[in-house]
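None of the figures in this text is laboratory data; all of them are computed from the coordinates on show. Bear in mind the structure is a predicted one, so any value in this text is a computation, not a measurement. Note: ideal-geometry Cβ built from the backbone for every residue, glycine included; neighbour counts use all protein chains shown.
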């Protein structure tokens, strides 16, 4: 077998490989587009987080520190957090993981959940535990159930 025979045999395979090159190129282009899209989404989320960051907001950092924003220094990318009354720490603005939404309960909900008297606390016990038997009957029934197991 000579070199010309080997080259002639490989030429039909090369024609089919051209289509494969286009498919690989298309997949590569789709991969690049998806990476660009994810980058844009990440940048938009970071800008939204920075726009919400202002003094008076409660935040959580990447390392689990919860605090109340006292001051935001955008030039040096630092945030002053009050983590407890009188304790202020300085963190980098990129360490903000989550901006906590205020969760203030409504007064109407609080008032409706506080009972006026003790009868509302015992009403469920009376409904669920009202079997109509005396304590002696209950004791006899429990002893009978225990004897069945033996």
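For the stretch 19-48, backbone nitrogen atoms closer than 20 Å to the point 7 Å from residue 101 Cα along Cα-to-C-beta are found at 45-48. Here the gap between residue 141 and residue 25, fully extended at 0.36 nm per residue and compared with their Cα-Cα distance, gives a gain of 33.7 nm.
Between residue 82 and residue 33, the FRET efficiency estimated from the beta carbon spacing at R0 = 30 angstrom works out to 0.10.
Put in line by how crowded their Cβ is, counting other Cβ atoms within 10 Å and starting with the fewest, 30, 91, 70 read 30, 70, 91. Remark: spin-label model distance residue 42-residue 90 equals 2.8 nm, labels positioned 7 Å along the Cα→Cβ axis.
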